[in-house]
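The values are calculated or read from the model by the stated rules, or taken from the named source; none is laboratory data. Keep in mind that this is a model prediction, so the values were computed, not measured. We place every Cβ from the backbone using ideal geometry, glycine too, and count neighbours over all the protein chains shown. Just so you know, the surface numbers come from the protein's heavy atoms only, side chains and all, with ligands and any DNA or RNA stripped out. Shrake-Rupley method; radii C 1.70, N 1.55, O 1.52, S 1.80 Å.
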Amino acid sequence: MIENVMGSAPDELVREDRVAGRLYTDPELFELEMTRIFERTWIWVAHESELPKAGSFKSTVVGRQPVIVTKDRKGVVRTLLNRCRHRGASICEKPSGQVNGFTCPYHAWSYGLDGSLRGIPYPDGYEGVMEKRDLSLGRLRTESYRGMIFATLDDDAEPLEEFLGDARLWIDRFMKQGGGYPIKVLGRHQFSFRGNWKIQLENTTDGYHFPIVHRSWMASVDSETADMMSFMTDPTCTTHALGHGHSVMQMVPEHSDLDLDDRSEPLQGRFDDVVAELSRTLDAAQVRKVVRAMHGTGFNLNLFPNVSMSAAFFRVLRPVSVNETRIEHVAIGPDGPPELAVVNRERLRIHEHFQGPFGFGTPDDAEGWDRVQRGAAAAPAMPIMVNRGLAREKPSPEGWPTSHVTDETGMRAAYAQWKAMMSDD
Amino acid sequence: MTETVTEAAAPAVPIPTTDPRVVRTIELIWREAELLDRKAYEAWDSLYTDDGFYVIPIDPEAERFDDILNMVYDDARMRRMRVTRMTEGYAIAAVDAARTVRTVSRFVPESVSDDEVIVRSAQILVAYKRENHHLWAADLVHRVRLSPDGPIGDRIVHKIVRLVDSESAVPAAGFLL
Ligand code: FES
Ligand SMILES: [Fe+2]
C-alpha cells in the first residue's frame, strides 16, 4: 500500500521515496520556490564565451527577475538587474550584443557597463535631491567556475565553489570535450512547455525514459550511436548524488573522463569525412580527441536548480509560472583554430537532430512532461514516486550515494535539496 | 544623416502573380500546405527535389545555414528520416500532434524563369491541442524547379520558414511548418 503525502508544509510534501503531486500544481508553493530557491541560491546565467570582450552583454533572468550579464571595461563580469532606477523601465531588451553602456528609453538615464548611473538629462531638477552614486543598477553577486557563470540575489549565499562542491570534478571532466581547446557556445534552441519546472529538472537525470520516449530518435541514428546509448541493462552505468541537490548520470561511462583513452575504441564511421578533413592539418592524436568527443561527455551533470551540463550541451530551465517552463538547449563545441569548423558543423547537426522544438527527441520529452502536468491535476496528495533503485543505492568509494543510471537517485537528491531550502526560512 | 534601408532584392518591374509560371508555383505551395495540414508526410516529401532543403532557421537574417544552429535544416536524408519519425508511430509528440490549419498568401515573386521560380509569402498557422490554440506566423521562401512535363513534375528546391518568434521560445511541435 502506497500512502498518500498529506499536509501542505514543504517538509511534509517531500519524503525520501515520494513527493506530493501538489509540487507541480500548487501556485503558492511556486511563489515560495521563487523566493526560497531561485532568489537565494546560485543560478546559472551565462558561459564565458557568450561575453567575449568588454562591452559584451547577455540578457536573461534569475528566477523571474530580468537581469543583464555584462563584461565591464576592466573585464569584470557583472550581473545587473534589468530595471531603471528612475521609474523602473527595462533598460535592455536585446538578447545579447556589444554596447558601451545602457540608456533607458523612457527619460534617458544612462548607465555604465558596471551598472553605475552615469548621466541624467536636465539634472537641475535633482539638485539637492539625490546623488547619482546612490542610484546604480541593482547588482547581483556573480562568480564563475571553469567558465560557468552564476549569479545570486542573496549576498549571504555560500561561495559558488562551496555550493558546487563535488560537482566541480564533473565540471572539469565536462570541459574536456573541447579536446584540449576551451569550449564555446554555438547557438541555442528555446522552447516552452505547459508544465512545472521540476518535471524538467527530474528529466535530465531520468535514464529510465530514454529508450521509451526516444525510440523514434534511436530508430533514426546509426547503429554505433544507438549502441552507445544502450545503457538500460549495463551495470557500469551509474548515477551519483553529489550533494547540494546536484547529481551526475553516466550513460556512457567510458566517456566520463575523455582523457582516459586506451585507443581500443574505434571512431564512429559516421565521422569518417570529418576525420579525413581534419587529418589534413591536425595530427592523429588531436583528431582522435575532438572526434571521440563529438557526442560530448558520457554523462549529464544536473546542477540544482537551473542548469544541466548534458553530454554535449547545456540545458537551462526557467520557471515562468507553476505550469509553464521555458527551456534552452545550448549547443557547444571546441573554440579552436578555423580547421575545427568542420567539427562544430557536425556538432550543430547532431544537436539539431535531437534537440529543440523540431528535434527528434525534445518534442517527445515535452509531450511526456505535458502529460505529467495534466495527470498530476488528479489527486494532489497522491504521490509522485521517486523510489526506483532505492534498495540498490550504495555509497561509492567517494561517498556519493550511487545506483544504476536508470534509477531515481538524482531526483531524490534534488528533492532533498528542495526540501532543505523550502523548509528553511 | 539618412539611414539606408536594405531591402530584399526586388525586380525593377514587379513580376505579376498572374504569370503562368508563378501561378504554377503558388498552386504547388498550396498543395504542400494542404498535405502538411493533413499530415500526409510521404506525399509532402515527394514534392522536394533530391538536392532539396527544408529549413526553419533561428537567425532571421541567415542565408547560409551550415555553421549556425537551426530548428530544422533537412537535406533529403534528414527529411526522409523525419517523415519516418512522423509516421511510424514511435514518436509520442507526432502520435498526439496538434491539428493544424494554415493559410499561405501575400505572394511576392522574386524571380521567374522557365526552369525556376522564387516566391516569398506569408504563412499563418493555427495549431490546436488540448484546449489550446497556438499561433505560428512565418515568412516563407520557396524556390521551385519547374518541370518540362508540366505542373505535376514541379518540385521544391528549398523552402525556408522564418518564424516571427524564431529567436524566442516556441512550443515543441509534433507537426511541420
Ligand atoms: S524610467 Fe528610466 S529614465 Fe525614467
Ligand atoms: Fe528525454
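As a size descriptor, the averaged projected area of the C-alpha convex hull of segment A:166-422 was calculated at 13.8 nm².
Placing unit charges on each Cβ (+1 for Lys and Arg, -1 for Asp and Glu) gives the protein assembly as shown a dipole about its Cα centre, and among B:46, A:351, A:103 the Cα reaching farthest toward its positive end belongs to A:103. Taking a sphere under 10 Å around the Cβ of residue A:370 and counting the other residues whose Cβ falls inside, with K and R at +1 and D and E at -1, yields a net charge of +2. Within 10 Å of the Cβ of each residue in A:180-187, the mean number of Cβ atoms contributed by other protein chains is 1. For residue B:48, nonlocal amide neighbours, meaning residues 5 or more places apart or on other chains whose placed amide H falls under 5 Å from its own, are B:156. For the protein assembly as shown, the alpha-carbon coordinates run over 74, 74, 58 Å along the three principal axes, in decreasing order. Here the Kirkwood formula, the inverse mean of 1/r across different C-alpha pairs, assigns segment A:256-338 a hydrodynamic radius of 15.0 Å. Among the trypsin sites (Lys or Arg not before Pro) within segment A:1-85, those in coil by DSSP and having at most 16 neighbouring Cβ atoms inside 10 Å are A:53, A:64, A:73, A:74.
For segment A:64-115 versus segment B:27-79, the spacing of their alpha-carbon centroids is 39 Å. Between A:214, A:246, A:47, the residue with the greatest mean-square fluctuation in the GNM of chain A (Cα pairs under 10 Å linked by springs) is A:214. Classify chain B from the C-alpha gyration tensor, please: rounded if a/c falls under 1.5, else prolate or oblate depending on whether a/b exceeds b/c. Oblate. Between segment B:105-177 and segment A:376-420, the alpha-carbon centres lie 46 Å apart. Grab the other residues whose beta carbon is less than 12 angstrom from that of residue B:50, score K and R as +1, D and E as -1, and report the net. With Lys, Arg at +1 and Asp, Glu at -1, the net is +2. Scoring A:363-369, B:160-166 by mean Cβ neighbours within 10 Å over their residues and listing the highest first yields A:363-369, B:160-166.
The H on the amide N of residue A:310, modeled in the peptide plane, is under 5 Å from the matching H of A:301, A:315, each at least 5 residues off or on a different chain. Per residue of chain B, the DSSP helices (runs of n ≥ 4 H) give a summed -39500 (n - 2.57) that works out to -6500 deg cm²/dmol at 222 nm.
Once backbone amide H atoms are built at 1.01 Å from N, residue A:96 has A:59 as its partners under 5 Å, excluding neighbours fewer than 5 places away on the same chain. Compute a Gaussian network model of chain A, connecting alpha carbons closer than 10 Å, and tell me which residue from A:251, A:294, A:385 fluctuates the most. Among A:251, A:294, A:385, the largest mean-square fluctuation in the Gaussian network model of chain A belongs to A:385.
Counting only other chain Cβ atoms within 10 Å of each residue's Cβ, the peptide B:90-101 averages 5. Take every pair of alpha-carbon atoms less than 8 Å apart whose residues are at least six positions apart; their mean separation over the length of chain A yields a relative contact order of 23 percent. Mean partner shielding of peptide A:326-339, defined as the number of other chain Cβ atoms within 10 Å of each residue Cβ, is 1.
If you take the square roots of the eigenvalues of the alpha-carbon gyration tensor of segment B:84-151 and sort them as a ≥ b ≥ c, do you get rounded (a/c under 1.5), prolate (a/b over b/c) or oblate? It comes out oblate by the Cα gyration axes. Backbone phi angles across segment B:150-166, fed through the Karplus curve with coefficients 6.51, -1.76 and 1.60 (θ = phi - 60°), yield HN-Hα couplings of x, x, 4, x, 5, 9, 8, 8, 7, 10, 10, 10, 9, 5, 5, 10, 4 Hz in residue order; Gly and Pro are listed as x. Dipole size of chain A about its Cα centre, with +1 on Lys/Arg Cβ and -1 on Asp/Glu Cβ: approximately 1220 debye, rounded to the nearest 20.
Since only A:308, A:268, A:250 are under comparison, the one whose Cα sits farthest along the positive direction of the charge dipole of segment A:250-316, derived from C-beta charges on Lys, Arg, Asp and Glu, is A:308. Secondary-structure-derived ellipticity at 222 nm for chain A, considering helices only, amounts to -7000 deg cm²/dmol, per-run term -39500 (n - 2.57) for DSSP H runs with n ≥ 4. Across segment A:1-84, Cα pairs under 8 Å and at least six residues apart give a relative contact order of 16 percent. Accessible surface of residue A:176, taken over heavy atoms with a 1.4 Å probe and every protein chain present, rounds to 60 Å². Listed values for segment B:34-43 are Karplus-derived 3J(HN,Hα) couplings in whole Hz (6.51 cos²θ - 1.76 cosθ + 1.60, θ = phi - 60°), namely 5, 4, 5, 4, 7, 6, 8, 5, 4, 5, and x replaces Gly and Pro. When nucleic acids and ligands are ignored and a 1.4 Å probe is applied, residue A:143 ends up with an accessible area of around 60 Å².
For segment B:20-163, what does the relative contact order come out to in percent, with C-alpha contacts under 8 Å and a separation of six or more? 26 percent. With θ taken as phi - 60° and the Karplus curve 6.51 cos²θ - 1.76 cosθ + 1.60 applied, the whole-hertz 3J(HN,Hα) list for segment A:224-229 is 5, 5, 4, 4, 4, 8 Hz, x standing for glycine and proline. Scaling against 2.2 N^0.38 Å puts the C-alpha radius of gyration of segment A:43-152 at 1.06.
Cysteine residues of chain A whose C-beta has no other cysteine C-beta under 4.7 angstrom: A:92, A:237. Highest GNM mean-square fluctuation among A:353, A:244, A:107, for chain A modelled with Cα contacts below 10 Å: A:107.
Accessible surface of residue B:85, taken over heavy atoms with a 1.4 Å probe and every protein chain present, rounds to 10 Å².
Remark: for residue pairs A:53/A:176; A:58/A:132; A:184/A:419; B:129/B:159, the C-alpha separation exceeds 32 Å in A:184/A:419.
Note on segment A:9-26 and segment A:329-372: Cα centroid distance 33 Å, given to the nearest whole angstrom.
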